[in-house]
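Before any comments, here is the structure.
The values are calculated or read from the model by the stated rules, or taken from the named source; none is laboratory data. Computed from a prediction, not measured in an experiment: that's the story for all the values here. Glycine also receives a Cβ, built like all others from the backbone with ideal geometry; neighbour counts cover every protein chain displayed. Accessible surface is based on the protein model in full, side chains and every heavy atom, while ligands, DNA and RNA are left aside. Shrake-Rupley method; radii C 1.70, N 1.55, O 1.52, S 1.80 Å.
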Amino acid sequence: MDISSPAASFAAPHAWHLTVCGEIVVRMVHCTTKLAASLQTNLFIVGAQKAGTTALHSYLSRHPDIQMSTRKELHFFDNERLDWSNPNYSLFESSFPETGRVVRGEATPIYLYWPNSIERLKAYDPSARLIVMLRHPTFRAFSHWKMETVRGVESLSFDEAISDVGRERVRNAPLGVHRNFSYVERGFYASQIERLLKIFPRNQILFICTDDLWIETGNTIEKIEEFLCLDKRISAKKEYIILASTKIPEDLSLRSREYLDELYAPQIRSASTLSGLDLSQWLSPTYQEPTKMGA
């Protein structure tokens with residue numbers, strides 16, 4: 001097999017151990033020698049929004065063999081203004097200086113949610129490797145709302161925004177999706193993962209529980225390096241990225257917490273099965289996130 005192709009990275013198995021959402025697991029990652037340098041982007045952090053993707057982008061940027069995009073969230077494959085019958089990929093690839101690094105990556109977490117993004121990504125690089133970060137959907141939704149409120153986009157309270165009336169803004173939007181007000185909808189992970197797995201093979205996707213990036217930072221980063229067939233070179237000093245969304249003093253109300261927890265429970269169970277992550281602790285009404293990270 002030609003190791004200049006990203007597909008070559010899944011040839012021989014290596015074992016790794018990681019605490020996944022509270023439980024020790026052993027998985028197999030298929031990998032051979034380091035990939036040859038390519039000017040094509042072959043790593044995508046596709047979701048979920050407000051699930052630690054900013055921190056992960058920062059960590060991966062430190063690896064000498066990884067070149068992350070000059071700015072996070074290029075929003076190329078979700079751009080509905082482009083001619084997707086003949087896309088101009090040079091617009092996308094211009095965000096990467098030609099450094100000759102092995103892995104070129106970008107993080108646009110709306111891809112997991114936005115219709116046709118994953119299909120377009122597959123057309124660009126069928127051998128791409130994808131990372132999916134999953135955060136408790138109730139807390140993700142609340143963090144998302146705080147961000148939009150600080151930006152001045154949202155004027156509704158959180159209780160109003162996640163109500164049937166608030167969600168009408170999403171249902172009535174083109175394609176039934178909305179970039180700003182999709183607080184609830186982006187947390188339907190199982191539906192999004194099912195679609196993802198129909199497009200990309202399972203061995204090209206790595207699912208990460210955001211809790212593990214917070215608690216088991218070093219092990220989680222090593223897991224990603226193994227997945228990318230790279231030497232362990234990233235200093236995994238724990239970071240706390242505090243964004244503007246944390247400036248809102250409002251707390252998540254018990255009413256909203258109970259409503260969303262009940263709504264998301266079936267999706268959490270299905271997402272756990274599909275991703276292979278143990279998300280059972282998310283089903284507890286007393287679950288609290290291990291830390292507050294705004295990313």
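With respect to Leu252, is the statement that it is out of contact with any Gly (no Cβ under 9 Å at 6 or more places or on another chain), assigned to a loop (DSSP other than H, G, I, E, B) and at pLDDT below 95 true?
Numbers: out of contact with any Gly (no Cβ under 9 Å at 6 or more places or on another chain): yes; assigned to a loop (DSSP other than H, G, I, E, B): yes; at pLDDT below 95: yes.
Yes; evaluated as a whole, the condition is true for this residue.
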Those residues of the range 60-90 which are under 18 Å from Asn42 (Cβ atoms) and either buried (at least 21 other Cβ atoms within 10 Å of the Cβ) or of a type in the set (A, V, I, L, M, F, W, C) (or both), in sequence order: Leu60, His63, Ile66, Gln67, Met68, Ser69, Leu74, Phe76, Phe77
Tabulated pairs, the range 256-275, first closer than 25 Å to Asp159 by Cα, second open to solvent by less than 20 Å² (accessible area, probe 1.4 Å) and not in a helix (DSSP H, G or I), C-beta under 6 angstrom, 6+ apart or interchain: Ile268/Leu279
Selected residue (only one of Gly22, Gly52 is modelled with pLDDT under 50 and over 20 Å from Ala123 (Cα atoms)): Gly22
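Which residue is surrounded by the fewest Cβ atoms within 10 Å (Cβ to Cβ), if the candidates are limited to the range 115-157 and must be of a type in the set (Phe, Trp, Tyr) and farther than 22 Å from Ser90 by Cα? If you could, list the steps in order and put the result at the bottom.
Of the range 115-157, the ones of a type in the set (Phe, Trp, Tyr) are 124, 139, 142, 145.
Remaining after also requiring farther than 22 Å from Ser90 by Cα: 139, 142, 145.
Values: Phe139: 21, Phe142: 25, Trp145: 30.
Checked the range 115-157; the qualifying residue surrounded by the fewest Cβ atoms within 10 Å (Cβ to Cβ) is Phe139.
Every residue, every condition in (1) farther than 17 Å from Ser117 by Cα; (2) in contact (Cβ under 8 Å) with a residue 60 or more places away in the chain, yes or no:
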| residue | (1), (2) |
| --- | --- |
| Val165 | yes, no |
| Arg169 | yes, no |
| Val177 | no, yes |
| Leu196 | no, yes |
| Gly218 | yes, no |
| Ile224 | yes, yes |
| Leu230 | yes, yes |
